[in-house]
Amino acid sequence: MVFTSYIQLDYISFIVEIFLFILSIVLLMFGVFIVSLRNYKYVTLVRELQYMLILAFGFSLILLYETPLVTQVFFNNLLCIDPLVLTIKFILILTTICCLIISFNYIKNERISLFEYNVLILLAILGLICFISAYDLVSFYLALELQSLSFYILASFKKDSAFSTEAGLKYFILGALSSGFLLFGMALIYGAVGSTNFEVILKSVIMIDSNNIFADAFSGRVIIGSVFILISVLFKLTAAPFHM
């Protein structure tokens, strides 16, 4: 009974992620089915999917509001949840709703008629939400790559534009480079600590510093690994000066 209750708490605490994942699959299948109808206007489909996304994100805000305010880790210490994580998720989804509303005229003026546009936005937000809850280097990397892959395609979404194609290609190449930095930094930290869990890494750093055992070699690998991870994340976020 206790094990069953823990499983239920896992799924209840991350009901938003599960809901958005199922919704992305449903919207993808729905879009493929509609596109197969030759007499359907694709621009109208994109607009309708945008409305559906806004409603879905609004429902996600309600689910977040109803999520129990507990501070725990779930799914074998891969994801965590606490009031701060829930607050950041709430702000992220609310910002996404505002961006979708603002982009109505942009979609109309640019004549974006591919329904995958909205599905990619949904997958990118799903990756960001999982990224916020990451409690392990593995979940951290997978969530970041899910968000990045969606952004690669969105950057090159306008196939008829040379600027869009160039931007997508450059973003993909730099993203692959930054992923290499990220994995190399994670490997250094894992080699020094022996774990990918954030809590274990933090405790190991505190214990080594307090006991001063192999402090120089250990801290060197951890610092270098952390620098590589920071550079990779800044590349992914296109933060200055890595936006160049």
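Excluding same-chain neighbours fewer than eight residues apart, the lysines reachable from Lys108 by a Cα-Cα span under 25 Å are Lys41, Lys158, Lys159. In the chain, the longest principal axis of the Cα atoms and the axis of helix 137-155 are about 30 degrees apart.
Taking label points 7 Å from Cα along the Cα-to-Cβ direction, Lys108 and Ile25 give a separation of 3.6 nm.
Structural size metrics of segment 63-120, computed from C-alpha coordinates, are Rg and Dmax of 16.5, 47 Å.
The translational diffusion coefficient of segment 156-244, from Stokes-Einstein at 10 °C and 1.306 mPa s with a Kirkwood hydrodynamic radius over alpha carbon pairs, comes to 108 µm²/s. So what is the relative contact order of segment 156-244, in percent, for Cα pairs below 8 Å that sit 6 or more residues apart? Relative contact order for segment 156-244 comes out at 33 percent.
Pairs of C-alpha atoms in segment 1-138 farther apart than 22 Å represent 44 percent of all such pairs. Between Val32 and Val70, the FRET efficiency estimated from the beta carbon spacing at R0 = 35 angstrom works out to 0.35. Here r is the Cβ-Cβ distance between Ile88 and Ser219 and R0 is 41 Å; the resulting FRET efficiency, rounded to 0.05, is 0.90. Counting only DSSP H runs of at least 4 residues, each contributing -39500 (n - 2.57), and dividing by the residue count of the chain, the helix-based mean residue ellipticity at 222 nm comes to -26500 deg cm²/dmol.
Stretching Ile173 away from Val227 to a fully extended chain increases their span by 17.4 nm, per 0.36 nm per residue minus the current alpha-carbon distance. Here, the chain is characterised by an Rg to Rh ratio of 1.03, where Rg is the alpha-carbon radius of gyration and Rh the Kirkwood radius.
Does anyone have the angle between helix 116-133 and the longest principal axis of the chain? Alpha-carbon axes, 0 to 90°, nearest 10? Helix 116-133 and the main axis of the chain meet at about 20 degrees. Rg and Dmax of segment 84-168, based on Cα coordinates, read 14.4, 42 Å.
Each value in this text was obtained by applying a stated rule to the coordinates, not by laboratory testing. These figures come from a predicted structure and were not determined experimentally. Methodologically, a virtual Cβ is constructed for each residue, glycine included, from the backbone with ideal geometry; neighbour enumeration extends over all protein chains shown.
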